[in-house]
1. I'd like the distance between the alpha-carbon centres of the stretch 382-461 and the stretch 212-234, rounded to an integer number of Å.
2. For LYS348 and LYS375, what does the FRET efficiency come to when R0 = 25 Å and r is the distance between their Cβ atoms, rounded to the nearest 0.05?
3. Give, in nm to one decimal, the length gained when the segment between GLN397 and ASN357 is fully stretched (0.36 nm per residue of separation minus the Cα-Cα distance).
4. What are the ³J(HN,Hα) couplings of the stretch 411-424, residue after residue, when phi is run through the Karplus curve with 6.51, -1.76, 1.60 and θ = phi - 60°? Round to Hz, x for glycine and proline.
5. Can you grab the distance from the C-alpha centre of the stretch 1-67 to the C-alpha centre of the stretch 95-135, Å, no decimals?
6. How would you order 635-647, 29-41, 112-124 from highest to lowest mean count of nearby Cβ atoms within 10 Å?
7. For the stretch 602-696, with all protein chains present and a 1.4 Å probe, just round the carbon and sulfur fraction of the accessible area to a whole percent.
8. Once you keep just the Cα pairs under 8 angstrom separated by 6 or more residues, what percentage relative contact order results for the stretch 45-99?
Amino acid sequence: GSLIEQLTTEKYECMVCCEVVRIVAPVWSCQNCYHVFHLNCIKKWARSPASQAEDGNSGWRCPACQNASTQVPKTYTCFCGKVHNPEWNRNEIPHSCGELCGKKRQCLDCPHLCNILCHPGPCPSCPAFVTKTCECGQTSHSVRCGQSTKIHCSNVCGNTLNCGKHSCTQVCHAGKCSPCQLTVQQVCYCGSNFKEVLCGTKEEFSDGFGNFSCQNICGKKLNCGRHNCTQVCHPQPCPLCPRLPQVVYRCPCGQTPLSKLLELGCVERKICTDPIPSCGKTCGKPLSCGSYEFIHTCESLCHEGDCRPCSHTSNIYCRCGFKKKVSVIFLFLIAAITFMCDKRCNKKRSCGRHKCNEVCCVDTEHKCSLVCGRKLNCGLHRCEEPCHRGSCQTCWQTSFDELTCYCGESVIYPPVPCGTQPPECKKTCTRPHDCDHPVYHSCHSEEKCPPCTYLTQKWCMGKHEVNLHLEFFIISCHLFPPLFQLRSNIPCHLTDISCGLRCNQMLKCGMHKCKRICHKGECLIDEEIAAISIATKLTDLQLGDSVEISRLITKKEMKQARLQCDEECLALQRNRRLAEALEIDDNSDPFNIRSSGAKYSDLLKEDARKDLKFVSDIEKEMRMLVEAVNKGKNTKKSHCYPPMNRDHRRIIHELAQVYGIESVSYDNEPKRNVVITAVKGKSICPSNTLTSVLDKEMQSRPPPPIPHYKQTDKSCGTSGLSKPLKEEPVIDYFDVQD
């Protein structure tokens, strides 16, 4: 009745989506707890990992009663299940067909079907009366149909027990009678072992002589009277002796009939102990080793008994087939050997994130057994599915506590899906604040409140804010010093305020005032004096005079700013001392060094000789870049070279220094490249390129001697003219690429 009322008034909520179940929405009802859910919601829930049973093989669990089901609902049916997609009728129960229910009641022994209209929830108990007998069947009573209580009388049961020999001595009871508790002694089939068991145990296995197998060799005498049975303890009669003359018709290998051997002179067998004649051929019986393609056979001569082990060797492959081994052991042992190689599988698993990494892998699907573990959309829980591709599903966790704002005015009632944000509240914030100004922002879920924007009056950091109009009037009238006052319209949350004027506080030296803009903390003395002194010397620097900076900065700063001398400094000092000794003016250039053009290192020249075409192309590109930036309007222009090896990049960096071009390397190997940037006014084109320097050095070298050969004219005897061979063409070896 409660279910019908809530469904009719649309007050029943689905436990999955926490939404109201409408009267026209497709639904599904659990047959165990009778909760009603949206059909689409229960489909999604059944496919989610959170719904799976603990053992993983029992299907999915109902969200309400946790009852496991194997089949996922697919169609919308009425409560009794007879009508698909029932139409809503105002005069009938929502989601019902309006016909008789007709379902079997929960009582197992009630034969009557439910006789009320199609309804949600369990069927009511059966109203009929029936006659039932007691458990032992000796008395009968009239009871309500479907009554679960059992009827018992006070008589002894008396039913035959499982052994078929004794009767039950208990008072009228429910269920089957207990097994017979008397013990009897049973013997095995071969008669060598005995054991005591309950009466009626394994009576169906008796063969008249024994009741069980002791798993030992039978050992009974065969019908020949000379050999014993070699089978395991068995209930059937022992077979005939396998060596009887009337049983054996062929030689031990089975290739030749005994009748043919008798014709050849072999002795006829009379009893089972007589030896079986051998045909003298190779045995040829198939051995247990080998494979379907190649079967190994016994190589011994026809013999009685078991064949000897195979002496062949064979190739043993690992289970993935990557490696093989040559086995020198007997092949009948190969089947018991498991050989695994050490190769690890590099294939991606089904998730696409992890590698298989199995040793000697034979898997074809490579399913990932790890847990996904990524955070869900709620940000609180992690995905518990096996590692998968794509995005994780939404979090299925639900809270049954009320979710309120900070002040408690706005409430979201349970069930609350995981990850739901607190509700918005339009009330004024009630959190404690640092100031006592009026609060204008609403209640919020963040722990920190927005900054207070109430307008106040505050001092600047130097406490020298002045009313400019009043100061001008006072100073012009020479009345008294300017008045200082607080700065107005300052938001409450601002603390360090600068008025934008000079500090003008008297420094500790008592001679100067601070020239910095209104600042926080104490005024800096040393830096201020040094900056003022350097500023006063700027005019001298502009006129070309030198300034002794050591008088303007401290010794400690001077020591920290001094650079270490390098080889170039030592060369300059040596040249200066040599010029003083020879009385050479510093401005003179006797060796034409300054006009000799750019200097190229020996290493760069050596690299250019190895790859002259590459260096020539680089120089052409740099000259074009410098000319373009100097003639154009842009101050900078860049060029990006393709990825190249380290030696070529070093050549570009060294040439860029000669041309005054900036060069930077980007990216990682093997895609590392160089980008050069020419700056207007800084980058230059040297008068002598590297290729021209190499050409001059080549021309300055003496040419190699031309070999001459003496040729003798046979017609003139021993006398002849020495005729030089044709002069070889001059080859430019620097034009040959590496």
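The values are calculated or read from the model by the stated rules, or taken from the named source; none is laboratory data. As the structure is a computational prediction, the values presented were derived from the model and not from experiment. Positions of Cβ are backbone-derived with ideal geometry, glycine not excepted, and every protein chain shown enters the neighbour counts. In case anyone asks, the SASA skips ligands and DNA or RNA and just uses the protein heavy atoms, side chains included. Shrake-Rupley method; radii C 1.70, N 1.55, O 1.52, S 1.80 Å.
1. 87 Å
2. 0.65
3. Full extension of this stretch gives 11.0 nm more.
4. With the stated coefficients, the stretch 411-424 comes to 9, 10, 7, x, x, 10, x, 5, x, 5, 6, x, x, 6 Hz.
5. One Cα centre to the other: 24 Å.
6. 29-41, 112-124, 635-647
7. 51 percent
8. Across the stretch 45-99, relative contact order equals 19 percent.
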